[in-house]
Amino acid sequence: MTTRALGWGGVAATALMAFYVSVLAASGGWAHLADQTQSDWWLVAPIAVAFGSQVALTVELRHRHRAHHLAAPTGAGTGASTVGMVACCAHHLADLVPLMAGGLVINLAAVAVAGRRLFHLTHPTTGSVSCAA
């Protein structure tokens with residue numbers, strides 16, 4: 001994994017957390033932000049880490065296979081992260097922890113798929129060995 005990919009992953013995770021902080025602070029003030037962060041950190045932190053991981057893997061995949069036009073599976077995971085974070089901020093409307101958990105599951109699945117693609121790009125003979133009878 002290149003330093004560039006890791007850097008973009010860190011920027012993406014930080015940007016997602018900045019969005020979370022700004023929406024919560026704007027909707028209910030700093031006390032509301034502190035309360036929500038304290039109660040939802042166990043969902044918010046993994047979502048941000050998974051989102052940053054997706055972005056880092058995507059940057060690495062694009063770097064390694066720009067000529068092959070491989071698309072990494074970040075679209076669904078990114079959308080789920082955004083929806084989960086916005087839903088968390090609108091928690092007064094309903095109990096949306098299941099939506100955030102769903103976003104985390106989708107993020108983890110996207111990270112697994114992107115990681116598998118990256119592994120197969122790094123080890124091209126893995127999984128492609130055929131047995132001739």
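In this simple spin-label model, placing a label point 7 Å from the Cα along the Cα-to-Cβ direction at both Ser22 and Ala34 gives a separation of 2.3 nm. Put simply, the amide H of His65, placed in the peptide plane, has no neighbours under 5 Å, leaving out anything fewer than 5 places away on its chain.
Read the figures in this text as sums done on the coordinates, not as results from a lab. Predicted, not measured: the structure shown is a model, and the values here were computed from it. Quick reminder, even Gly has a Cβ in these numbers, built from the backbone with ideal geometry, and neighbours come from all protein chains shown.
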